[in-house]
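Report on the structure given below.
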Protein chains: 2
Amino acid sequence: MTRRTRRDRTTTVRRTRSTEAYRRLENPFEPPRVLSDDQVAHIHEQAVGFLSSDGMRVLFPEARELLAAAGAAIADDMVRLDPGLVTEALASAPDKFTIHARNPDRDLDIGGTSTNFFSVGGPPFASDAERGRRAGVMSDYVEFMKLCQSFDVIHSLAPCVEVSDVPVGLRHVETMRAQLTLTDKVPYIYARGRQHVRDCMDMISIAHGIDDEGLRERPVTWSNINTNSPLQLDVPMCMGIIDCARLNQPVIMTPFTLAGAMAPVTLAGALVLQHIEALFAITLSQVVSPGAPVVYGAFTSNVDMRSGSPAFGTPEAMKGAFASGQLARHIRLPWRSSGSSASNAVDAQGGYETMINIYGAVMGGADIVLHAAGWQEGGLTASMEKFITDVEMLQILAESMQPVAVDDAELAFDAIREVGPGGHFFGTQHTLDRFETAFYDPIVFTRANFEQWEEEGSKRTDERATDVWKRVLAEYESPSIDSAIAARLDEFVDRTTAKGGSPPD
Amino acid sequence: MTRRTRRDRTTTVRRTRSTEAYRRLENPFEPPRVLSDDQVAHIHEQAVGFLSSDGMRVLFPEARELLAAAGAAIADDMVRLDPGLVTEALASAPDKFTIHARNPDRDLDIGGTSTNFFSVGGPPFASDAERGRRAGVMSDYVEFMKLCQSFDVIHSLAPCVEVSDVPVGLRHVETMRAQLTLTDKVPYIYARGRQHVRDCMDMISIAHGIDDEGLRERPVTWSNINTNSPLQLDVPMCMGIIDCARLNQPVIMTPFTLAGAMAPVTLAGALVLQHIEALFAITLSQVVSPGAPVVYGAFTSNVDMRSGSPAFGTPEAMKGAFASGQLARHIRLPWRSSGSSASNAVDAQGGYETMINIYGAVMGGADIVLHAAGWQEGGLTASMEKFITDVEMLQILAESMQPVAVDDAELAFDAIREVGPGGHFFGTQHTLDRFETAFYDPIVFTRANFEQWEEEGSKRTDERATDVWKRVLAEYESPSIDSAIAARLDEFVDRTTAKGGSPPD
């Protein structure tokens, strides 16, 4: 292996490692602790006590009635939970479950030692270097679905970007059709009202060839519920919890506890509020359907006290994430964390901040890392260049989870003796036998030296990422889908369109 | 706290957190493991066995003689070590020690749970956005010393950039004078020959007001030795180990094991070679002076198999670092890891790669993280913008090591009740009492929203970093130094200059 020229590199056909090993990631790391066991237990007990003494405001009457029937105390729209009710809910919620995709290779194991990366979800804007920053439209959404499908390390879809050119009443069916036909990965459902959730469940049932009974038998989708922190659950969120629980589909319960704004300015205060709200939402789901899968969601970060803007990749967020993992393990539930950054550009800040969050989530043993690729501007923009650089980093972390072999062949004493003092390993048989797949091969990072990099245009990573997403989109291959199923999905969308769409609640 | 305008932000005098807490960092995290205990023990035993059966090449006769006198087997320039000799060396090397600075606030605790960040060391080029990339000169070195002095999170100096405009025979005294007068932190010594080390020891003795007896009583500097991997120790490196050990000054023993080039292409092979070479160098130091402080250095990464260039921030490096920490703990010695990146720009790749290495070093319990700020282009360039963005990240990690309090004031139930469901915490007394110092306040990262960021010129992090290093240099304050000591240091440099410098070996 001598140093190759640029021409060699482009003309040599070269094997690279398969990325199929990234499809199911087993996390080998023991999670770090920022709280003592006593502190964890104290926060949990204080949260349970607060739910009993003060409770939460619930804006949806049906949710209040369901909780009242289970023994909760209701006063106007305030609902207080007896500690026994919370304990019972935590006992019935499963500690692990599998979400089935229409391609079994894409099933998600949630809980235990598995790690799952979900793409960015929710930004109103899409961005790339060629077309700039703009309100997201269906064609952007389609491109993000294709990017998600193209990388094994993206385990589940998420609502990559808002689709502003489709009416609200049809957005959920158009995006669900795109999820189910452009990819074979697990689709998400946005809990934006009763009929929306129903439509999405129907379309997923078509894709799986099942009915409601089949849905209740196994998870095939997921939703995320953000409480209206502090201490409030609104109507569509309650509906989402209830309707998903009735069909036994998983919900991630994520309090929106930004310290200093919707939560106390102290980390312990933000954590106890997060825990109160998550426990409440989990209890509601278990009251509706004991055993329904739920995930403990954590999004505790802080606002910037100069600007009032959300801050991400902060030390407070990092400690909050490790602490949230400890709280989730205390109640034996899977834990969702996040990748995120406040940076407005695909630059060094974006790299550091996202890495702090995602590395922290991985080391901390998160079962789900939402917003793992593409999140920019504190969640306002889904960036295609950021998606690519984030995927690079996710693949690096995925590689780092692969086990290390220590046997005679790997210890390589024969090669060490063959090379001898002061030699080099480039040309040994041990190297030649392995060099093509020995190391992780980056998709956008470069190891070109400065002169070669200058000769190639001194492109920063974000500039190279533009070339990468364009190539990935050009090479995208759609997964196979039964033509009868595709036709039924089209009919469903046509029917919903013909009736003028489904209104949100 | 309502959102402030830009004018408010620049005109408001605002307290920020003191960074003094970063001066001594206690790492609260339990290090992750990528090897089983059996694998660690096996690698160690295999390395000890290889030192006995094959040994290493030693190019300095005095080193061979010292080892022979201690019982090593010599054949030509090959030296084999009996397992008992290695075991004895590991028993005499201390598991922790303190390196004393001329300002006791800057002392370094090495070993145990302390974490120490050392600046970049060794690049031939300096770089910043205003002056471009150029061969490093004394004025660059001076600026880096001022930057190192200005941030509490930089615990020790390191050879930030080569000084090409000072003759080799004087470079060590000019740079040592700069270290000792522009900063009050622990200075490094480059092991570039017998007289160079002697001159540096003399100058440090002047700064501390001690003689050789005083030097032997306590560590006041450090050096780093790279073996000539594979399996070779050259003359200046042997001299450095011997001369530092005789004066009881710490040496970091760092094999230069880039998998695929100077080490086997397999991780286990690179690790066992690293361990063989480190054990050999440690044994030499302990033979010279039992009890002399040493550090287990690890730099195992891999080359890029397309270009032959070193790669950094790779999954192989990350696993190698965690494994190195396990090997160092197995032999009860402090462990040095590194921050590094192959990127040619202060961009997203630079952020991700450096973060992988430094976060990994911190989580992995590294006692020393060398190259923690400013390293670019695989070590060819010391970048001022990279230095600033790295310091931001080091401060974030330093904050993350601060303990979390969980008491009534921090849990903030009074504030949670005062705010109530659906409210916000901006105006509560609990927030007002704490907001000025509640959160880490970034030096170069921004939380400005997109519109404000555009209005301010759409500056990427690297562009903002230029403003920061210029401001820090403008505000630099030199530490106090006794004028008699400064005069003696000047005399020393003048004397060395008058004799035409000290030749390297």
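Quick note: the coordinates plus some simple rules give every number you see, no bench work behind them. Keep in mind it's a predicted model, so treat the numbers as computed, not measured. Using ideal geometry, Cβ is built from the backbone for each residue, glycine included, and neighbour counts are taken over all protein chains shown.
Of all DSSP beta bridges located in region B:90-400, what percent are antiparallel, nearest 5?
Working: 11 of 35 bridges.
Percent antiparallel among DSSP bridges in region B:90-400 is about 30.
Tell me, for the rotation carrying B onto A, which chain B residue has the beta-carbon closest to the axis and what that distance is in whole Å.
B:Gly351, 1
How far apart, in nanometres, would the label points at B:Arg198 and A:Glu217 be if each is projected 7 angstrom from Cα along the Cα-to-Cβ direction?
8.6 nm
Do the sum for the protein assembly as shown: with -39,500 (n - 2.57) for every DSSP H run of n ≥ 4, divided by all residues, what is the mean residue ellipticity at 222 nm, to the nearest 500 deg cm²/dmol? Provide the component values of the computation, followed by the final result.
Working: 38 runs with 452 residues, N = 1010.
Result for the protein assembly as shown, helices only: -14000 deg cm²/dmol.
At A:Ala135, with labels set 7 Å past Cα in the Cβ direction, how many nm apart are the copies from this one, shortest first?
Listed shortest first, these distances are 5.9 nm.
With both bridge residues required to lie in the protein assembly as shown, what share of the DSSP beta bridges run antiparallel, to the nearest 5%? Numbers along the way, then the final one.
On the way: 36 of 88 bridges.
Antiparallel bridges make up about 40 percent of those DSSP assigns within the protein assembly as shown.
Can you figure out the FRET efficiency of B:Asp433 with A:Ser53, using R₀ = 25 Å and their beta-carbon distance, to the nearest 0.05?
Values: r = 24 Å, r/R0 = 0.97.
Efficiency, from the Cβ-Cβ distance: 0.55.
With the dipole of chain B worked out from charges on the C-beta (+1 for Lys and Arg, -1 for Asp and Glu) around the Cα centre, which of B:Gly423, B:Ser400, B:Ala245 lies farthest toward the positive end?
Ranked along the dipole, the leading option is B:Gly423.
How far is A:Ala498 from the same spot in each other copy, in nm, shortest first, if each label point sits 7 Å from Cα toward Cβ?
Label-point distances to the other copies, shortest first: 10.4 nm.
What nm distances, shortest first, do you get from the label point of B:Gly214 to those in the other copies when the point sits 7 angstrom along Cα to Cβ?
So the label point of B:Gly214 gives 8.4 nm to the other copies.
Whole number please: convex hull volume per residue, Cα atoms of region B:65-181, in Å³. Spell out each step's value before the answer.
On the way: hull volume 21.8 nm³, N = 117.
In region B:65-181, the Cα convex hull volume per residue is 187 Å³.
Which one, B:Gly132, B:Met145, B:Gly297, is farthest towards the positive end of the dipole of chain B when Lys and Arg carry +1 and Asp and Glu -1 on their Cβ?
B:Gly132
Charges at C-beta only: +1 for Lys and Arg, -1 for Asp and Glu. How large is the resulting dipole of the protein assembly as shown about its Cα centre, in Debye rounded to 20?
On the way: 94 positive and 136 negative charges, 191 e Å.
Its charge dipole is roughly 920 debye.
Can you give the local net charge around A:Gly260? Use residues other than it whose beta-carbon is closer than 10 angstrom to its beta-carbon, Lys and Arg +1, Asp and Glu -1.
Details: positive: B:Arg434; negative: A:Asp304, A:Glu316.
Neighbour charge sum, excluding A:Gly260 itself: -1.
Give me the net charge of A:Arg106's neighbourhood, meaning all other residues with Cβ under 12 Å from the Cβ of A:Arg106; Lys, Arg count +1, Asp, Glu -1. Mind showing how you got there, number by number?
Numbers: positive: A:Arg23, A:Arg24, A:Arg102, A:Lys185; negative: A:Glu20, A:Asp105, A:Asp107, A:Asp109, A:Asp152, A:Asp184.
Computed value for this residue: -2.
Hey, what D do you get for region B:90-400 in µm²/s if you plug the Kirkwood alpha-carbon radius into Stokes-Einstein at 10 °C and 1.306 mPa s?
On the way: Rh = 19.0 Å.
Taking Rh from Cα pairs, D becomes 83 µm²/s.
Starting from the Cα of A:Lys386, draw a straight line to each of the lysines and keep only those under 26 Å, dropping any in the same chain fewer than 8 residues away.
Within reach: A:Lys146, A:Lys185, A:Lys319, A:Lys459, A:Lys470, B:Lys319, B:Lys386, B:Lys459.
Once you charge only the Cβ atoms, +1 for Lys and Arg and -1 for Asp and Glu, what is the size of the charge dipole of chain A about its Cα centre, to the nearest 20 debye?
Values: 47 positive and 68 negative charges, 96 e Å.
So the dipole magnitude of chain A works out to roughly 460 debye.
Each label point is 7 Å from the Cα along the Cα-to-Cβ direction; what then is the distance between the points at B:Glu30 and A:Leu473, in nm?
4.7 nm
With charges set only on the Cβ (+1 for Lys and Arg, -1 for Asp and Glu), what does the dipole of region B:137-232 come to about its Cα centre, in debye to the nearest 20? Intermediate values should be presented prior to the final figure.
On the way: 9 positive and 13 negative charges, 42 e Å.
Value, rounded to 20: 200 debye.
When each pair of different Cα atoms in region B:376-483 is counted once in the 1/r mean, what is the Kirkwood radius in angstroms, to one decimal? Walk me through the numbers on the way to the answer.
Values: mean 1/r = 0.0560 Å⁻¹.
Roughly 17.9 Å, rounded to one decimal.
Please compute one quarter of the surface area of the Cα convex hull for the protein assembly as shown and express it in square nanometres.
Hull-based average projected area comes out at 39.8 nm².
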